[in-house]
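One structure below.
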Amino acid sequence: MFRKFLIVLGFMIAATAVLAACGGGGGGGGAGATTVNIEGSEFAYQPADINAKPGEKVTVNFKNIGTVEHTFVIKDLNFKLTAQPGQSVSGSFTAPAAAGTYVIHCDVAGHTEAGMHGSLIVK
Ligand SMILES: [Cu+2]
């Protein structure tokens, strides 16, 4: 009976070790993937700044919680999402290989000037 318990315990320890090894994979050298949820309204992004590692695949879920059309544009990456009020849209881009800060903004007339901008921080 006790032997059986030890065998089960052994399996559990092994399973935990495998899970831990997988979980740490994102931080190691290779380009991983990340997903960010961003809300747009008049006239801001929440959050305004997103972080990514060089070469990482970034999926953006952009939800317009405002009352007029908003976009999510990273001009340097030729990336654009457009969402109508209440709409959620998703898209992916690959973060640049070069570390730096890339401008995110809403290109609906007047919105950037009103404060609807943020940063993609690659490092
Ligand atoms: Cu806007």
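Using a 1.4 Å probe over the heavy atoms of the protein chains, calculate the carbon and sulfur portion of the accessible area of region 26-122 as a whole percent.
Carbon with sulfur: 50 percent of the solvent-accessible area.
How high is the FRET efficiency from ALA33 to GLN87, r the C-beta distance, R0 30 Å, rounded to 0.05? Calculated transfer efficiency: 0.80. On a per residue basis, region 26-122 carries 50 Å² of accessible surface, using protein heavy atoms and a 1.4 Å probe. For region 26-122, a Kirkwood radius taken over Cα pairs fed into Stokes-Einstein (20 °C, viscosity 1.002 mPa s) yields D = 160 µm²/s.
The values are calculated or read from the model by the stated rules, or taken from the named source; none is laboratory data. Not measured: the values here are computed from a predicted model. Using ideal geometry, Cβ is built from the backbone for each residue, glycine included, and neighbour counts are taken over all protein chains shown. Side chains included, ligands, DNA and RNA excluded: accessible areas come from the protein's heavy atoms. Shrake-Rupley method; radii C 1.70, N 1.55, O 1.52, S 1.80 Å.
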